[in-house]
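One structure below.
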Amino acid sequence: METIQSILASRLAAAAGDTGGIAVTVQSAQDTRFGDYQSNIAMQLAKPRRANPRQLAMEIIAKLQVDDLCETPEIAGAGFINFRLKPAAVIAHFTALAADDHLGVPSVPQRRIVIDFSSPNVAKPMHVGHIRSTVLGDALARIARFLGHDVITDNHIGDWGTQFGMLLVAWKTILNKDALDRDPIGELERIYKAQNELCKTDPRQLDAARGELVKLQDGNEENDAIWKEMRRLSQVQFDEIYSRLGIHFDRTYGESFYRYMLRDVVNELYHSGTARESDGALCVFSDDSLPERDDPFLIKDENGWKPAPAIVRKADGASNYTTTDLATLKLRVGFLPRTTDKPCTTDEFFRPDEIIYVTDGRQQLHFRQLFAIWRRWQPESTAKLSHVWFGSIMGEDGKPFKTRSGDTVKLGELLDEAEERAFTTVTEKSPEMPEAERREVARIVGIGAVKYADLLPNRQSDYVFSWDKMLSFQGNTAPYLQYSYVRIRSIFRKGGIDPASVRPAAGAEHSTANNAATLAEPGELSLAKKLAQFGEVVPMILDDHRPNLLCNYLYELAGAFHSFFESCPVLKAVESARSTRLLLCDTTARVLAKGLDLLGIGVPERM
RNA sequence: GUCCCCGUAGUUCAACGGAUAGAACGCUGGUUUCCUAAACCGGUGAUGUGGGUUCGAUUCCCGCCGGGGACACCA
C-alpha cells in the first residue's frame, strides 16, 4: 500500500508543474505545531523561477488536491507548506495498515543484492570486532528481503592465506590433541601465537612455514587434510555463534573457493593492461582518469603526488586479498549460482544489481581501489558496488574495547555475559517465572540488547560499549522496546482476547464506513499517525544502509504507545473506543515485533 | 606528510541543506485503590574555532585547533 507521504508528494508534484529536475519531497514534520507533514518545494523553486517563495507556495496550494487527506495546507515561515491530516484520513490509513501483511511498507522495484558480511577467520575465535559487520549485514539483509528484494548473503570467511603455513608447522610439531578436543579454537589460537613467536626469533621456522604453505597450495594430501580439519573445527564455532545470533548465510564460500581463479584473474589484469609489473610485483597504478585527490592510486608527499599502487600479485608470485576480492567479484557479478544444491543453467545465475560489503572503516582505501580496478577491468559491468563501513567499538575508557587484561573480547563470552546479566535482571523483576522461561527471556533480551546497541548509533560513528546502558529498561534500548511489546501482549492475556480477532479483514481500506472507529483522544491520533510512518521509514534505510533510522522510529513508536496507554484505558473503555484501542495496541505490537525482527531481534511474550 | 572519519548538554548518542538542534543517563519536581511503575508527565543543559556559499548551514566549501584511522607485497 502507498504511504501518506508518497501520496502527498505526488499530489504536490502535480500541482507544482515543471520543477526543472528538482525532486518534490514531503517529509514528516519535526514538530507537531507545524502539522504532520511539510514540504520545502516552494522555497526550492523560488530561485529558478525568480518568484517569491510564499507567493509560489500560495499558487501551488491553489492547484493542490488534498482535501481528502488533510485540512487546507498552511504556509509558514519562509515558504514551508504544512499539512495537517484529517482524523478520518488517519483512521482510513490506519485501518488499511492493520489489515496489511506488510504493515504499510510499500513494495519497491525488486533488485538482486549480494550482501557480504561477518567474514571471520579460520583457526581464530570470533571476537568483538565481528559484531558490527555481522549484526549490520544481517539487518540489511532482513530489511532488503522485507522490501521485496532478491538477496543472497555470503560469508566470505578467511580460510586461505599465509597464516596457514605457520598453522601447519605448528599443527605438526606443537599441537596438543587433548587440548584440541576440549577447546579446538583455543588450541588453534594457542599454537598459532606460539608459532608466530618462534618465527620471530628463528628464520628456519619461517622457511618451514613457507614450505608447508607451498605444499598446501600444491595440493599435498596431508596438508590439505589438516587444513580441512581446521576449517571444519572453525565452522562448528561459527555455526554455534550464528545460531545464538539467529543469523543465516546463503553461502559460505570463503576465500579458498576462489583460489583456482587467481591465476586467470592475474593474467587478465596483465593482458588487459589494467596491471603492470613494478619491483617484481604486479600492480595497478593510476590511469589519471580522476582528479589527483580523488584517485585511490595516488598519495601526496612533500615532493608532490606519488603512486600508491594496489598489488595484485606479490613479487614472490603469491596473490593477496585484492586478487581474491577481484576473483570473488568476477564470480558474483557473472556466475553466482542461484542455488547451491544443483547444477544450474545460464539463466539461473544470480547476476546482482548491487553488491554490499559490510566492513570496518579502515578498509575504505582497499575498497576504493578494488572498485576502481573492477571498473577498469570490466567496464561493461553495471553492478552497483557499495562499501558499507562502520566505526569502532570503544571501551568506557575511550580506547578500543578490550578485556581488563587487554585481550580482545571473544564473541561467545560476550554473548554469555549479556545473557547472564539479563538473567539476573529478569530474576529480580519476575522471580515467580519458572527458571526455564527466565533463561529463554534472558536469551532474547540479552542478545537483543547487544544487537540493538550496535545498530542504534549511526554506523559510521565509533561507539562506547556499555553493559548498563544497553541492558537498561530506560532509554532507547532493546529491553525497553521488548517491554513495550510485552505490555501489549499482557493486555490481551488479561482480557482473554485473541489479537487476531480485533484485526480488520484484508481489503478493509475499502470499507472504512463499516468501521466505527474514531480517534478522539490525542494519544490515539498521534499513535495512529506514528504507525503510518513505519512504511515511510523502512524503505529509507536501504538508501544509505542505515538501520539506526529504524531504531529511532521504533523508539518513537514505543513512546507514542506509552503516552497513549497512560491516558487511554483499553480493557475498561466503553465499546467502540475499546475495539479501536485494542486494534491500536495490536498493530503497535505487530509493528514493534516486525521492526525488531528486521533488526534481527526477537521479542518474549512475558518478561 | 597526504587522504578518510570524527569534534553537538556534565556523560552516551541523534538530526534527507529547513522552522525554536532531538533523546537517554545524570541532577531535579510530580504521577500508582487502575490493563507489568521494567512506565508516564515536567525542569535543567550543547553544535571546537575563523571565514565562505545559500532565502536558510550541525550538515556543503576553505583555513586553524584537537582526537582516531589508512597509506607497496598482512587482511
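A few remarks follow.
- Out of A:V409, A:V486, sole residue that is at pLDDT 90 or above, open to solvent by less than 30 Å² (accessible area, probe 1.4 Å) and within 21 Å of A:V603 (Cβ to Cβ): A:V486
- Residue count for region A:257-312, restricted to those that are among the hydrophobic types (A, V, I, L, M, F, W, C), under 20 Å from A:A327 (Cβ atoms) and open to solvent by 80 Å² or more (accessible area, probe 1.4 Å): 1
- Verdict on A:E189 being assigned to a helix (DSSP H, G or I), open to solvent by less than 50 Å² (accessible area, probe 1.4 Å) and in contact with a Pro (Cβ under 8 Å, 6 or more places away or on another chain): yes
- Selection of region A:588-607 for residues being within 16 Å of RNA strand B (Cβ to nearest atom), under 23 Å from A:V570 (Cα atoms) and assigned to a helix (DSSP H, G or I) yields A:T588, A:A589, A:L592, A:A593.
- Subset of region A:454-469 that is open to solvent by less than 40 Å² (accessible area, probe 1.4 Å) and out of contact with any Phe, Trp or Tyr (no Cβ under 7 Å at 6 or more places or on another chain) - its residue that is nearest to RNA strand B (Cβ to nearest atom): A:Y463
- If you go through region A:595-607 and keep only what is within 16 Å of the chain's Cα centre (by Cα) and open to solvent by 40 Å² or more (accessible area, probe 1.4 Å), you end up with just A:D597.
- Residue check for A:A179: under 35 Å from the mean Cα position of the chain (by Cα) and of a type in the set (G, A, S): no
- Taking first residues from region A:421-446 that are of a type in the set (F, W, Y) and partners that are within 11 Å of RNA strand B (Cβ to nearest atom), the Cβ contacts under 8 Å between residues at least 6 apart in sequence or on separate chains come to A:F423/A:R438; A:F423/A:A442.
- Every residue from region A:1-24 that is open to solvent by 60 Å² or more (accessible area, probe 1.4 Å) and without any contact (Cβ under 8 Å) to a residue 60 or more places away in the chain: A:S10, A:R11, A:A14, A:D18, A:G20, A:G21, A:A23
- With respect to (1) buried (at least 16 other Cβ atoms within 10 Å of the Cβ); (2) within 14 Å of RNA strand B (Cβ to nearest atom), the lone exception for A:P48 is condition (1).
- A:V284 meets the conditions (1) touching a residue at least 40 places away in the same chain (Cβ under 8 Å); (2) touching an Asp or Glu at 6+ places or on another chain (Cβ under 7 Å) in every case but one. The failed one is (2).
- Residue satisfying all of: in region A:546-594; hydroxyl-bearing (S, T, Y) and farther than 11 Å from A:L527 by Cα; surrounded by the most Cβ atoms within 10 Å (Cβ to Cβ) among these: A:T580
- Restricting region A:389-406 to residues that are open to solvent by less than 50 Å² (accessible area, probe 1.4 Å) and near RNA strand B (Cβ under 8 Å from one of its atoms) leaves a set whose member that is nearest to A:H366 (Cα to Cα) is A:G391.
- Within region A:60-118, the set of residues being open to solvent by 30 Å² or more (accessible area, probe 1.4 Å) and within 30 Å of A:F335 (Cα to Cα) comprises A:S107, A:V108, A:P109, A:Q110, A:R111, A:R112.
- Residue within region A:327-346 that is within 8 Å of RNA strand B (Cβ to nearest atom), surrounded by 15 or more Cβ atoms within 10 Å (Cβ to Cβ) and not charged (D, E, K, R) present: no
- Flag for A:T274 being touching a residue at least 40 places away in the same chain (Cβ under 8 Å) and part of a loop (DSSP other than H, G, I, E, B): yes
- Flag for A:A170 being touching a Leu at 6+ places or on another chain (Cβ under 6 Å), aliphatic (A, V, I, L, M) and either buried (at least 18 other Cβ atoms within 10 Å of the Cβ) or farther than 24 Å from A:G602 by Cβ (or both): no
- Among the residues making up region A:57-82, those that are near RNA strand B (Cβ under 10 Å from one of its atoms) and assigned to a strand (DSSP E or B) are A:E74, A:I75, A:A76, A:F80, A:I81, A:N82.
The values are calculated or read from the model by the stated rules, or taken from the named source; none is laboratory data. If you're wondering where the values come from, they're calculated on a predicted model, not measured in any experiment. Cβ sites come from the backbone with ideal geometry, for glycine too, and all protein chains shown count toward neighbours. Calculation scope for accessible area: heavy atoms of the full protein, side chains included, ligands and nucleic acids excluded. Shrake-Rupley method; radii C 1.70, N 1.55, O 1.52, S 1.80 Å.
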